[in-house]
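Worksheet: the structure to be examined is printed underneath.
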Amino acid sequence: MDKSNSKPKDKIRIQFVCLGNICRSPLAEGVFRKKVEEAGLADIFEIRSSGTSDWHVGEGADTRMAETAERHGVSLKNHAARQFRKEDLEQFDHILVMDKDNLNDVLYLDTEDRYGSKVRLFREFDPSPDCFQVPDPYYGGPDGFENVYLIVERTAENLLQVLIRTYNLEVEQNS
């Protein structure tokens, strides 16, 4: 995060990206949004998610991911899948992708090589990054969804802490 150490003039715009925008990226959006709200920073961030494919555009989150999220107090009920667009490269400050295929697909749209510094693997912010990719739980069982939740939870927490430091944000203290 190579931003000046001053408060943002506009909202900090973050987008999470996976393949279909029904499992990993909506979860990351929901978990990060909850963390931002708990920190009293909801008015500072704009948080979105998308997928590199158009397979699920308009659909809700995968029911297995939604159920996993719900068990942890995160709602994905209002999610509607959307496809990542070339314009998103300019409009968002931070584009965090779930795996290397998503990284390649997003960077492919950067035909003038102007936005690559905004696009990063989400797990670059994971304190235990393993292979730096969030595994796709779509074809697996319940354990895969829970594993993805745990990865997203700790990575979103660390991401928020990095952004708080980067932008010198004041966190609301809970009494």
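The values are calculated or read from the model by the stated rules, or taken from the named source; none is laboratory data. What you are looking at is a predicted structure, and each value in this text was computed from that prediction instead of being measured. Please note: Cβ atoms are built from the backbone with ideal geometry, for glycine as well, and neighbour counts cover all protein chains shown.
Structure above, values below:
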| quantity | calculated |
| --- | --- |
| Verdict on residue 120 being part of a strand (DSSP E or B), within 27 Å of residue 89 (Cα to Cα) and at pLDDT 95 or above | yes |
| Residue that is under 20 Å from residue 68 (Cα atoms), free of Cβ contacts under 8 Å to residues at least 12 places away in the same chain and out of contact with any Pro (no Cβ under 9 Å at 6 or more places or on another chain), where the choices are 141, 116 | 141 |
| Residue match in the stretch 51-72 (condition: aliphatic (A, V, I, L, M), part of a loop (DSSP other than H, G, I, E, B), more than 16 Å from the chain's Cα centre (by Cα) and closer than 21 Å to residue 168 by Cβ) | no |
| Scope the stretch 78-125; condition over 19 Å from residue 30 (Cβ atoms) and among the small types (Gly, Ala, Ser); matching residues | 116, 117 |
| Members of the stretch 53-91 found to be touching a residue at least 60 places away in the same chain (Cβ under 8 Å) and surrounded by 22 or more Cβ atoms within 10 Å (Cβ to Cβ), listed by number | 62, 65, 68, 69, 81, 84 |
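Listed here are the residues, each with its yes/no results for (1) outside any loop (DSSP other than H, G, I, E, B); (2) in contact with a strand residue (DSSP E or B) (Cβ under 6 Å, 6 or more places away or on another chain).
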residue	(1), (2)
77	no, no
87	yes, no
95	yes, yes
102	yes, yes
106	yes, yes
